[in-house]
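Have a look at the structure below before the remarks.
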Amino acid sequence: MTCIVSNDEQSNIESNNQSIVSSATTTRTYKVYPRRFAILAIFCICSLASGFQWIEYVIIQNIIVRYYNESLPGDAEAKNNAVTWTSLSYMVTYIPLMFPAMWLLDRYGLKITCSTGAFLNCVGAIVKCFSVDTNLWWITFTGQMICACAQSFTLGIPPYLAATWFSSDSVSTVTAIAVFGNQVGIALGFLIPTILVPDVEDIGLIGERLRLLYYGVAFVCLVCFISMIIVFRPRPPTPPSRAQEMALQTSEQNYLQTLKRLLVNRWFLLLLISYGLNTGAFYSISTLLNPVYMYYFEKTDHASKYAGTIGTLMIVGGIFGSLVGGYVLDKSKAYKTVTFIVYLLSFLSMVLFTSTVHLHEYVAFVTMAIVGFFMTGYLPVGFEYGVEITYPENEAISSSLLNVSAQIFGLCTTQFQEYLIFKQHKVLISNVMLCVILIVGGVITLLIRSPLRRQNAQHGGDNLLENNVACAVVSDTNAVVNA
């Protein structure tokens with residue numbers, strides 16, 4: 001049906017249209033709520049506990065093999081492999097469990113999803129409290145598998161939490177802080193077990209210290225779970241920014257459709273590969289840091305403890321790298337440039353470590369801190385770049401797909417590096433492999449040419465809003481004429 005509108009009526013429509021747009025774009029204010037800081041703090045502690053348990057066994061691998069020797073399978077190589085799988089289990093379980101975890105987030109929101117992860121983390125930690133005996137390795141590994149499953153419900157949350165609760169000028173910094181919680185946990189996982197559990201022949205003393213370790217972790221996980229139930233909310237009463245408001249209005253709340261759109265976005269697919277290569281290399285060197293370090297310095301005093309120290313320095317460097325990266329992104333908004341520079345420096349720092357680790361323990365301390373600054377600092381930068389090029393899709397789904405890529409590449413890289421270390425005894429070649437992986441990922445990063453969609457929405461979203469308003473006005477006009 002064709003309708004005719006007089007010039008006066010058309011003028012009134014345009015006037016109303018302009019009035020509505022002006023009101024929507026100039027008078028809308030956005031509020032942030034104090035609860036967001038408590039939510040961020042509790043999430044960081046939950047993520048800390050998860051990161052701690054990921055690395056707590058492999059960093060004292062030689063001690064764990066000695067203590068649980070009679071209940072570990074097979075020969076020396078099989079025993080070491082069993083302990084390595086306490087870390088690899090986190091990568092294996094994340095890949096299938098990410099999809100139901102993100103469906104849960106899409107359907108029920110932040111509180112239910114994070115509380116599920118905190119609950120599983122708590123249950124797994126409590127199970128491990130009953131495994132302090134040399135013949136109870138299977139209980140230890142069962143508890144570790146439960147904790148590994150918990151990670152799927154929290155690892156991809158940082159950019160979603162930042163966008164949901166914080167203003168647009170701080171989302172990159174907040175994402176870095178949320179990732180920072182996991183990194184602090186990994187740093188403590190490197191440090192505390194090596195200090196608390198001594199590298200001695202006294203099995204009874206090792207058991208006593210393991211009991212203290214298990215009980216302490218279980219207590220932290222329980223407190224975190226209870227706090228999350230009390231404090232968390234699915235989302236704030238009102239959106240904290242225009243970008244978040246527009247994302248809520250324009251994105252289809254259909255989990256499978258979101259996945260489909262992300263997986264056909266060629267720029268995001270390139271980022272999936274480059275992010276997976278970098279983070280997979282980080283997972284590999286973290287998991288196998290103990291045997292790499294022991295290969296060069298096994299004959300020195302306190303070699304096992306120093307392996308934990310070098311791991312801690314790597315993560316502490318990464319914590320500062322994460323914060324610096326988030327701050328630079330918030331100020332510059334130069335996502336591709338920052339991502340590539342961090343990637344390039346990750347490669348150069350890994351080359352430095354590989355070529356100098358044999359010189360002296362303290363040289364390894366310094367170079368690994370530099371590796372951590374750039375390689376770990378890449379994590380929030382990659383998250384935020386992924387959010388930018390996939391806006392307005394759900395931030396947690398895009399970041400979780402990035403994590404799936406990281407787990408796949410991490411699993412493959414770790415297995416191959418483990419083969420080179422334990423079967424071929426070629427530690428140098430295994431480190432060179434990581435350097436090659438990083439340079440390939442850097443080249444792939446250069447190929448990404450996507451526009452920054454979230455920034456365009458935040459600072460140039462008036463056209464989209466005008467189009468929506470105009471469509472609404474035309475629709476109302478047609479309804480009146482038809483009537």
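The values are calculated or read from the model by the stated rules, or taken from the named source; none is laboratory data. Everything numeric here is computed off the predicted structure, so don't read it as measured data. Every residue, glycine among them, receives a Cβ derived from its backbone with ideal geometry; neighbour counts consider all protein chains shown. Quick note on the areas: whole protein, heavy atoms, side chains included, nothing else; ligands and nucleic acids left out. Shrake-Rupley method; radii C 1.70, N 1.55, O 1.52, S 1.80 Å.
Data for the structure
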quantity: Whole-number accessible area per residue in Å² for region 35-235, which is evaluated in the context of all protein chains at 1.4 Å; calculated: 35
quantity: Nitroxide proxy distance, nm - points 7 Å out along Cα→Cβ at ILE230 and ASN456; calculated: 4.6
quantity: Point-to-point label distance, VAL264-TYR419, nm (Cα→Cβ direction, 7 Å offset); calculated: 3.6
quantity: Rounded FRET efficiency, nearest 0.05, which uses the C-beta distance separating THR142 from THR356 and R0 of 45 Å; calculated: 0.65
quantity: Rounded percent of accessible protein surface that carbon and sulfur make up, region 35-235, 1.4 Å probe; calculated: 70
quantity: Phi to ³J(HN,Hα) by Karplus 6.51 cos²θ - 1.76 cosθ + 1.60 over region 355-361, Hz, x for Gly, Pro; calculated: 7, 10, 4, 6, 6, 6, 4
quantity: Hydrodynamic radius of region 383-425 per Kirkwood, over alpha carbon pairs, in Å; calculated: 12.0
quantity: Cleavage-rule hits, trypsin sites (Lys or Arg not before Pro), region 30-128, DSSP coil, Cβ neighbours within 10 Å at most 10; calculated: LYS31
quantity: Region 255-471 - Rg and Dmax from Cα coordinates, angstrom; calculated: 19.4, 76
quantity: FRET efficiency for LEU212 and THR29, using Cβ-Cβ distance with R0 set to 51 Å, rounded to 0.05; calculated: 0.50
quantity: Spherically averaged projected area in nm², based on the convex hull that wraps the Cα atoms of region 161-211; calculated: 4.5
quantity: Gained length - LEU205 relative to ALA78, 0.36 nm times residue gap less alpha-carbon distance; calculated: 43.2 nm
quantity: 3J(HN,Hα) from dihedral phi, region 373-381, Karplus parametrisation 6.51/-1.76/1.60, rounded to Hz, x for glycine, proline; calculated: 4, 8, 6, 6, x, 6, 4, x, 5
quantity: Extended-chain gain in nm, criterion 0.36 nm per residue less alpha-carbon gap, PHE219 and LEU196; calculated: 6.6 nm
quantity: Carbon + sulfur, % of accessible area of region 255-471 - ligands and nucleic acids excluded, 1.4 Å; calculated: 69
quantity: Three-way shape call for region 35-235 based on the alpha-carbon gyration tensor, with the a/c threshold at 1.5; calculated: prolate
quantity: Segment THR337-PHE130, length gained on full extension (0.36 nm per residue, minus Cα span); calculated: 69.6 nm
